[in-house]
2 protein chains.
Amino acid sequence: MRKAFPALAAAAFLVAAASPSPTEILATAPADAWRSVLPENLLLLDLPGGKQVAIELAPDFAPQHVANIRLLAKAGWFAQHASIVRVQENYVVQWGDATGKAALPKATVMQPQGSYERPGLPAGFRALPYRDAYAAQAGHSNGWPVASDGTSHWLVHCPGMVGAGRDMPPDTGTGAELYAVIGHGPRHLDRNIAVVGRVLSGMEYLSSLPRGTGEIGFYESESERVKLGSVQLAEDVAGAPRFEVMRSDSAAFGQWVNARANRAEGFFVRPAGAADICNLMPPVRPIRR
Amino acid sequence: MRKAFPALAAAAFLVAAASPSPTEILATAPADAWRSVLPENLLLLDLPGGKQVAIELAPDFAPQHVANIRLLAKAGWFAQHASIVRVQENYVVQWGDATGKAALPKATVMQPQGSYERPGLPAGFRALPYRDAYAAQAGHSNGWPVASDGTSHWLVHCPGMVGAGRDMPPDTGTGAELYAVIGHGPRHLDRNIAVVGRVLSGMEYLSSLPRGTGEIGFYESESERVKLGSVQLAEDVAGAPRFEVMRSDSAAFGQWVNARANRAEGFFVRPAGAADICNLMPPVRPIRR
């Protein structure tokens, strides 16, 4: 049963060729069109060579998984046990305990619930005025890409989104094994795995890793695996980087979506008139200090 | 104006959990469910370290661009002048003449036409029974991913698809500068750039290259650029590899599409009931000799 969704104003569908480009819209958006990422939700993964990946966790969408990940980070569990174990072309980069034997902290919830989908529409849901290939409706909530069937909602598998690896049901993954999507969004995983966050920075360090030659992209030898360095929450790191995500309920975001879907600058000869949710990931910027 | 499209049988929508998996369907598909890639359409790019990328050219969709690319390959132009010059995260890997000064063979068509879209529906078009985020209809023709508005049709920008870089209109690109899509399909480029082929093998060598740090992912120094080795058509290479692409008009392909859209094997708790064209790229396999 499909319910009505709040939508972008229909007037936003048509843009003149002289309209500002997506880049120009971001450059001139007011300060209140952005929200700060909370340090308690920002997971910083250090890779060899001084490279860092910053992930925003999504407690509003995967509360028990995120609680586990926070626990593991604060216990130093990832730094002690985790390495990148799998890189499958056009699919995922995955990290966890390659031995499968490391004990988890006692407080870890072994089968977190409530992360595959959540009831109703999410707070401040803004529906896109475009078709979605998988769901009745796609849109955004608080700077997150979301889909809904009108009855429940869930985070979607787009490039850069982070999910919790799991074994067969009823296992839902503890969050000790995580993956980031590379390649075309594997949306068939939506509602089948817990999506727990989004890479805000450093995605290129994950997506450019050599692909694994084992089945479904697993690395076949220890020498291929990339040992993680420090994996901490920004709240526990002095001088941690800070980021802002564009507020999806801002006027500027609506303009940006519309401009992205109707590219008409010099290069373009034919505006698409639509855009896929995975090509509308809310803009991110570092906060300079 | 949307016209009627031939479609997969509606009966294919429902599958029992015991139905064969996509992998099983491929393993048991009859020989005539596959077509051989013609050596005259197979472009082989050699990268350093013995790595090779195999691209099937698409003369039915971009005849003048493909004629140019064949001409350039036979003249040894790419091997002499081309290197990988740009790798933009979640977008494209691009190769061409970094100096922008190399002369093209005299017979090169400088503004090829007829590649952005072509009239009517393509031969043997098989429409998907799923929504497409960008076009009125998506589907397949002869093992190629295609979209249509009912009046014309075009190849779509999915990961692994190869297009012709160009400058501002009316430039359409000669084919001397090419790119392969990495990341989520940038479908807003459909009908704005000529799509000329598809990477059948070796995509992982392109997608795992370091991202460029210049604007839109261009490499900033000569040392970052990857010089191409031999770039030849398979018809001109003794012992060249051969490939087969699944015929999109075969019964097995219909079963595979349906199984991909309704994954219900042990891991899955909730079949998607749909699939995006870019997650339905026709299967490819090497021919062993």
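Inspect the range A:210-219 for any residue being assigned to a strand (DSSP E or B), of a type outside the set (A, V, I, L, M, F, W, C) and either touching a Gly at 6+ places or on another chain (Cβ under 7 Å) or modelled with pLDDT of 95 or more (or both) and give the result as yes or no.
No - not one qualifying residue is present in the range A:210-219.
Can you name the residue in the range B:83-109 that is in contact (Cβ under 8 Å) with a residue 60 or more places away in the chain and out of contact with any helix residue (DSSP H, G or I) (no Cβ under 9 Å at 6 or more places or on another chain) and is also farthest from B:Pro210 (Cα to Cα) among such residues?
The selected residue is B:Ser83.
Does B:Asp46 meet the test of being outside any helix (DSSP H, G or I), in contact (Cβ under 8 Å) with a residue 40 or more places away in the chain and not hydrophobic (A, V, I, L, M, F, W, C)?
Against the criterion (outside any helix (DSSP H, G or I), in contact (Cβ under 8 Å) with a residue 40 or more places away in the chain and not hydrophobic (A, V, I, L, M, F, W, C)), B:Asp46 qualifies.
Would you call B:Gly120 at pLDDT 95 or above, at positive phi, in the same structural domain as B:Leu47 (by TED's automatic domain parsing) and surrounded by fewer than 17 Cβ atoms within 10 Å (Cβ to Cβ)?
When the stated conditions are applied, B:Gly120 passes them.
If I ask for residues that are farther than 16 Å from A:Pro63 by Cα and touching a residue at least 40 places away in the same chain (Cβ under 8 Å), which ones from the range A:166-176 would you list?
Of everything in the range A:166-176, those that are farther than 16 Å from A:Pro63 by Cα and touching a residue at least 40 places away in the same chain (Cβ under 8 Å) turn out to be A:Pro170, A:Asp171.
Tally up the residues in the range B:187-199 that are outside any loop (DSSP other than H, G, I, E, B), away from chain A (no Cβ under 11 Å) and either of a type in the set (A, V, I, L, M, F, W, C) or more than 13 Å from the chain's Cα centre (by Cα) (or both), please.
2
In the range B:238-271, how many residues are of a type in the set (Asp, Glu) and under 15 Å from B:Ser21 (Cβ atoms)?
Matching residues across the range B:238-271 total 1.
Residues in the range A:93-102 that are within 13 Å of chain B (Cβ to nearest Cβ) and out of contact with any Ser or Thr (no Cβ under 9 Å at 6 or more places or on another chain): how many?
Of the residues in that region, 0 qualify.
Looking at this structure, is B:Ser207 touching an Asp or Glu at 6+ places or on another chain (Cβ under 7 Å) and hydroxyl-bearing (Ser, Thr, Tyr)?
Criteria met by B:Ser207.
Being closer than 27 Å to A:Arg211 by Cα and within 11 Å of chain A (Cβ to nearest Cβ) is the filter here, so list the residues in the range B:166-186 that pass it.
Listed by number, the residues that qualify are B:Val181, B:Ile182, B:Gly183, B:His184, B:Gly185, B:Pro186.
Filter the range A:200-215 down to residues that are facing chain B (nearest Cβ under 9 Å), over 23 Å from A:Ala234 (Cα atoms) and not hydroxyl-bearing (Ser, Thr, Tyr) and give me whichever is nearest to the chain's Cα centre (by Cα).
If we take residues in the range A:200-215 being facing chain B (nearest Cβ under 9 Å), over 23 Å from A:Ala234 (Cα atoms) and not hydroxyl-bearing (Ser, Thr, Tyr), then A:Leu209 is nearest to the chain's Cα centre (by Cα).
Considering only residues that are under 20 Å from A:Pro271 (Cβ atoms), under 11 Å from the mean Cα position of the chain (by Cα) and β-branched (Val, Ile, Thr), which ones fall in the range B:159-186?
Within the range B:159-186, B:Val181 is the sole residue that qualifies.
When only residues in the range B:261-289 that are surrounded by 18 or more Cβ atoms within 10 Å (Cβ to Cβ) and of a type in the set (D, E, K, R) count, which is modelled with the highest pLDDT?
B:Asp276
Based on this model, can you work out whether A:Arg260 counts as in contact (Cβ under 8 Å) with a residue 12 or more places away in the chain, at positive phi and within 10 Å of chain B (Cβ to nearest Cβ)?
no
Run A:Ser208 past the list (1) touching a residue at least 24 places away in the same chain (Cβ under 8 Å); (2) surrounded by fewer than 23 Cβ atoms within 10 Å (Cβ to Cβ); (3) of a type outside the set (A, V, I, L, M); (4) in contact with a Pro (Cβ under 8 Å, 6 or more places away or on another chain) and report the number of the one that doesn't hold.
(1)
When the residues of the range B:123-137 are narrowed to those that are within 13 Å of chain A (Cβ to nearest Cβ) and of a type in the set (Phe, Trp, Tyr), which ends up surrounded by the most Cβ atoms within 10 Å (Cβ to Cβ)?
Here the answer is B:Tyr134.
Yes/no matrix, rows are residues, columns are (1) free of Cβ contacts under 8 Å to residues at least 24 places away in the same chain; (2) away from chain B (no Cβ under 14 Å); (3) assigned to a loop (DSSP other than H, G, I, E, B); (4) of a type in the set (D, E, K, R):
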{"residue": "A:Ala238", "(1), (2), (3), (4)": "yes, yes, yes, no"}
{"residue": "A:Ser248", "(1), (2), (3), (4)": "no, yes, yes, no"}
{"residue": "A:Ala252", "(1), (2), (3), (4)": "no, yes, no, no"}
{"residue": "A:Gly266", "(1), (2), (3), (4)": "yes, no, yes, no"}
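The values are calculated or read from the model by the stated rules, or taken from the named source; none is laboratory data. Source: prediction; values computed, not measured. For neighbour counting, all protein chains shown are included, and Cβ atoms are generated from backbone atoms with ideal geometry for every residue, glycine included.
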